[in-house]
Structure formats: C-alpha cells, structure tokens
Amino acid sequence: MAKARLLSAVILALASLLGIWAFISPFFSAQRPQVAAMGMAHADDAPLIFVLLLGLCLVVIVASLETRQMDAQLVAVLGVLVGINSVLRLVPGPAGFSAVFFLPILCGYVFGADFGFLVGALSLLLSGLLTSGIGPWLPFQMFAAGWSGMVGGWIPRPPSRPRLELGMLAGWGLLSGFLFGAVMNLWFWPYLMAPGEATAAWQPGAGLVGTLVRYGVFYLTTSLWWDAGRGIGNVLLLLLLGAPVLRLLRRFHDRFHFTTLA
C-alpha cells in the first residue's frame with residue numbers, strides 16, 4: 001500500500017511540475033510574448049500541455065487500478081462525480097462565484113489527493129466540452145481546479161470533531177477561491193499589453209520583486225473582487241452542505257475501498 005501511495009504521489013508531482021512550468025515559462029522570455037488576441041495566449045504550447053495533462057490523469061487512474069487503490073466501482077463513482085461537478089459549474093452566482101470547487105475539495109478530503117485532483121481537472125474538461133469553452137485556457141483551468149482538490153486531500157482529519165473539520169474545509173475553500181484567480185491570471189498576464197497601465201503589466205527584466213509588485217497592482221485592480229465572491233461562495237457551500245455530502249462520500253468510500261493484506 002505504501003508503494004501504491006508513493007506511485008500516486010510521484011505521478012501527481014509530475015503533473016504539478018508540468019502545470020507550474022506551463023504557468024511560469026513565459027516569464028523566462030527576454031521579451032513579452034506576442035499574440036493576435038488575448039484569448040490566444042499560450043496557443044502554441046497549450047495543445048501539448050493538454051495532451052500531457054490528460055495522459056497523466058489516465059496514468060493516475062490506471063496506476064490506481066493496478067495497485068488496488070481503486071476498483072471499477074470507484075472509477076464509476078469518479079465518473080459520476082465528475083459529471084455532477086461539471087454541471088455545478090453552470091450554476092449561476094454573483095461576482096466570481098462558482099460551485100465547481102465544492103466537490104473536488106470534499107472528494108480530495110475523503111478519497112485522497114489523487115482522487116481530488118482527478119475530480120477537479122476532469123470536471124473542468126467536461127464542463128468545457130459542455131459549454132464549448134475549449135481554448136488555450138482549458139489545461140490551465142484543469143491544473144488550477146485539480147490543485148484545489150489535491151490540497152483538499154492534505155487537510156488534517158481531526159477525530160470526532162465535525163465542526164473543526166468543516167471549519168478547516170471552509171478555510172481552504174476561502175483561500176482556494178483567491179488562489180484560483182491569482183494562478184489563472186498568470187496564463188495570460190505576461191501577454192498583456194497595457195500602455196496606459198504600465199505599472200500593472202509585466203515588464204521583462206523587472207526582476208522578482210518588480211514582477212511581484214506589478215502583479216500585485218494588476219491583481220488588486222482587476223481580480224480581487226471576483227475572487228472574493230468565489231471564496232465566499234465556497235465557504236457558504238461547505239458550511240451549509242459539507243456535512244451531509246461528507247457522510248455520503250464516506251459511505252461510498254467505506255463500501256468500495258478495500259485493502260489487500262499479504
């Protein structure tokens with residue numbers, strides 16, 4: 001079982017390293033990358049990133065089946081949860097609210113970091129297909145949502161402390177709402193041309209501190225309000241619906257999870 005967990009951790013680490021490199025690679029350019037339209041940022045490398053990410057997701061599933069961390073029934077549960085979560089993304093809400101982070105966080109908490117990553121990443125893929133939201137931004141959204149579910153699997157599990165449990169989940173829900181927006185901005189920010197807002201645009205050669213200052217100005221003036229709506233929405237959903245959904249997910253976990261003894 002320890003080897004199986006180590007294998008899953010290695011695959012998740014590879015996927016995360018791929019995502020981190022995809023987000024930060026433009027910052028290593030000596031000049032601002034040029035694109036025909038802002039929505040086409042990363043148009044040259046996004047297809048390759050998408051294929052590699054999807055391949056790693058499939059490797060996680062196959063490896064989990066081979067190492068008995070998952071069986072066919074749990075894979076079916078994964079498919080159902082991905083389908084439900086992709087529909088939740090369509091639920092309208094104020095500001096940047098989105099219900100799509102609710103299930104990945106809870107699934108990661110109950111089933112583990114790899115399961116939470118899969119629910120988050122594959123939900124964004126399916127919802128993109130349902131809404132025709134296919135573009136260079138999609139693999140970056142999949143990474144960011146997958147990380148939200150993955151970190152959910154790292155939250156400590158206090159014994160017999162349901163209020164503390166919900167409080168920690170809600171705390172991560174709030175933080176992940178802000179982090180999702182802050183991370184997703186990076187997929188297009190290096191491509192941003194804003195002569196009238198020079199202090200908010202990336203400047204090649206500005207150095208780490210200068211880049212952070214410029215990005216801070218950009219984030220505070222363009223993204224903070226929407227991310228606050230997303231984070232507060234996560235908190236409300238987790239506090240109101242977290243307990244019954246956790247009971248349901250744990251019932252599935254206890255029914256389909258098994259351990260092979262030597």
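If I filter region 31-53 for residues that are touching a Pro at 6+ places or on another chain (Cβ under 6 Å), loosely packed, with under 12 Cβ neighbours inside 10 Å and at pLDDT below 85, do I get at least one hit?
yes
Condition test on residue 129, is it part of a helix (DSSP H, G or I) and surrounded by fewer than 21 Cβ atoms within 10 Å (Cβ to Cβ)?
Spelling it out, residue 129 is indeed part of a helix (DSSP H, G or I) and surrounded by fewer than 21 Cβ atoms within 10 Å (Cβ to Cβ).
Which residue is farthest from the chain's Cα centre (by Cα), if the candidates are limited to region 139-169 and must be buried (at least 20 other Cβ atoms within 10 Å of the Cβ) and over 19 Å from residue 9 (Cβ atoms)?
This residue is 169.
Which one of 78, 54 is under 18 Å from residue 144 (Cα atoms), touching a residue at least 12 places away in the same chain (Cβ under 8 Å) and either part of a helix (DSSP H, G or I) or in contact with a Leu (Cβ under 9 Å, 6 or more places away or on another chain) (or both)?
Every option except 54 fails the conditions.
May I ask you to verify whether residue 157 is modelled with pLDDT under 95 and farther than 25 Å from residue 63 by Cβ?
Working: modelled with pLDDT under 95: yes; farther than 25 Å from residue 63 by Cβ: no.
Taking the combined requirement at face value, the residue does not satisfy it.
If you take the residues of region 11-30 that are exposed (fewer than 11 other Cβ atoms within 10 Å of the Cβ) and assigned to a helix (DSSP H, G or I), which of them is modelled with the highest pLDDT?
Looking at residues that are exposed (fewer than 11 other Cβ atoms within 10 Å of the Cβ) and assigned to a helix (DSSP H, G or I), I get 17.
For region 140-175, name all the residues that are free of Cβ contacts under 8 Å to residues at least 24 places away in the same chain and of a type in the set (A, V, I, L, M).
Correct list: 164, 168.
Going by the structure shown, is residue 134 in a loop (DSSP other than H, G, I, E, B), surrounded by 16 or more Cβ atoms within 10 Å (Cβ to Cβ) and hydrophobic (A, V, I, L, M, F, W, C)?
Numbers: in a loop (DSSP other than H, G, I, E, B): yes; surrounded by 16 or more Cβ atoms within 10 Å (Cβ to Cβ): no; hydrophobic (A, V, I, L, M, F, W, C): yes.
Answer is no for this residue.
When residues of region 210-227 are filtered for being closer than 28 Å to residue 169 by Cβ and touching a Leu at 6+ places or on another chain (Cβ under 9 Å), how many remain?
1
The values are calculated or read from the model by the stated rules, or taken from the named source; none is laboratory data. Fair warning: this is a prediction, and the values are worked out from it, not measured in the lab. Virtual Cβ from ideal backbone geometry, glycine too; neighbours counted across all protein chains shown.
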